[in-house]
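Please treat every number below as a calculation from the coordinates, not as lab data. Just so we're clear, the structure is a prediction, and the values are computed from it rather than from any experiment. Here the Cβ is made from the backbone with ideal geometry for all residues, glycine too, and neighbour counts use every protein chain on show.
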Amino acid sequence: MTLDEATKNRIESIVASDRTVLFMKGSRENPQCGFSATVVGILDRLIPSYTTVNVLADPALRDGVKTFSSWPTIPQLYVAGEFVGGCDIIQESFASGELQQALGVASPEVAPEITLTEAAAAALRNLESQAAGRDLHLQIDARFQSGLYFGPTEPGELRVETSGITLCMDPLTAGRADGLRLDVEESAEGPAFRIDNPNAPQVRPMSVQELKAKLAAGEALELFDVRTPEEHARARIDVARFHDVEAARYIEALDRDTPLVFQCHHGGRSQQAAEHYAALGFRNVWNLEGGIDAWSREIDPSVPRY
């Protein structure tokens, strides 16, 4: 099949848009085939953010990317503009560590300090008695989403002993788990495990007075308004950038140490936006307390209230 110039240019633009790009069936949140789901699961363990392209939504793109890469199947992974391969190759390179190296992911083989409460240890011992000899695993992905499960030991895993319980984990999880505390709490469905991880990215509050002082001092920060276009047009902080698709792409390309501040009307929507970017690995994320309403009341009365 011959690839037309327009489709070729489009694919080249997509590949260049992010360091890691996955052409797949479905989306990261909802893969539409098992091979795509497998690759998403691997990438989620390694990196907090990457671009996915749903080829099912565009037949020309689905066929075109196969010609572009000279690879007959989907999914297809690109890192730093280079074609890595499909599902089988990605699984192999993940197992060998080559994928981690390509993505720039360090694999510290350090046993973390993990604390189990008496209730958590007792609950895990009870589950172990029903696990038919399978090992207990802890997994923490790149967005610091944690999970416990029973299964066979995988190559390269570390075994961490704590409170008479053995936890198996891959080196990346071990590097994210130091200081982790595991407890049991009551939920609507009954007792449930609670995992508190001090390494997980946190959103910090910023008062409008603090924001004013930082702006006056010329501190380097990025301020984003996550309200609707109508609200942004009605009342805004002059230096705040409206958070649209282009702004989202701009943020995801920033260094993960970039100070980010999110603002809405009163602080609710901006808290959710801030948590989203903290989960993507940004380490200096703030939510503007009281939003633009507090800015109008306490800093700049010329900004209309609504």
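Run the numbers on the chain and let me know its relative contact order in percent, using alpha-carbon pairs under 8 Å that are six or more apart.
It rounds to 14 percent for the chain.
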Check each of the GluC sites (Glu not before Pro) in region 23-104 and keep only those in coil by DSSP with at most 10 other C-beta atoms within 10 angstrom; list them in order.
GLU29
What list do you get for GLU252, GLU12, GLU189 if you sort them by fewest beta carbons within 10 Å?
GLU189, GLU12, GLU252
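Output the antiparallel fraction of DSSP beta bridges having both residues in region 5-103, as a percent to the nearest 5. Spell out each step's value before the answer.
Details: 8 of 12 bridges.
Percent antiparallel among DSSP bridges in region 5-103 is about 65.
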Suppose we keep just the DSSP beta bridges with both residues in the chain; what percent of those would be antiparallel, to 5?
55
Starting from the 7 Å offset along Cα-to-Cβ, what nm value, one decimal, do you get for the label separation of ARG256 and LEU3?
3.0
Could you tell me which chymotrypsin sites (Phe, Trp or Tyr not before Pro) in region 229-301 are loop residues by DSSP with no more than 16 other beta carbons within 10 angstrom of their beta carbon?
none
Mind telling me which of GLU289, GLU230, GLU161 comes out most flexible in a GNM of the chain, alpha-carbon contacts under 10 Å?
GLU230
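If we count every other residue with Cβ under 14 angstrom of GLU98's Cβ, Lys/Arg +1 and Asp/Glu -1, where does the sum land?
Residues near GLU98 contribute -3 overall.
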At 7 Å along the Cα-to-beta-carbon direction for both ALA216 and GLN145, put a label point, then send me their distance in nm to one decimal.
4.3
If the only charges are +1 at each Lys and Arg Cβ and -1 at each Asp and Glu Cβ, what is the size of the charge dipole of the chain around the Cα centre, to the nearest 20 debye?
500
In a Gaussian network model of the chain with springs linking alpha carbons closer than 10 Å, the residue among LEU167, LEU127, LEU22 that fluctuates most is LEU127
Taking only the alpha-carbon positions of region 5-103 as identical scatterers, the Debye log10 I(q)/I(0) at q = 0.13, 0.15, 0.16, 0.24 Å⁻¹ comes out as -0.39, -0.52, -0.60, -1.41
Applying the gyration tensor rule to the Cα atoms of region 114-196 (axes a ≥ b ≥ c; rounded if a/c under 1.5, else prolate if a/b exceeds b/c, else oblate), the class is oblate
Which entry in [x] 18.0, 55; [y] 18.8, 55; [z] 22.8, 68 matches Rg and Dmax of the Cα atoms in Å derived from the coordinates of this structure?
[z]
Work through the residues other than GLY151 whose Cβ is under 13 Å from its Cβ and net out their charges, Lys, Arg +1 and Asp, Glu -1.
-4
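Count charges around GLY179 for me, please; just the other residues with Cβ under 13 Å from its Cβ, Lys/Arg as +1, Asp/Glu as -1.
So the surrounding residues net to -1.
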Per-q log10 I(q)/I(0), region 203-298, q = 0.15, 0.21 Å⁻¹ (Debye; single scatterer per alpha-carbon; no solvent):
-0.51, -1.04
Within straight cross-link reach of LYS66, meaning Cα distance under 20 Å, which aspartates and glutamates are found once same-chain residues fewer than 8 apart are removed?
ASP4, GLU5, GLU12, ASP18, ASP58, GLU82, ASP88
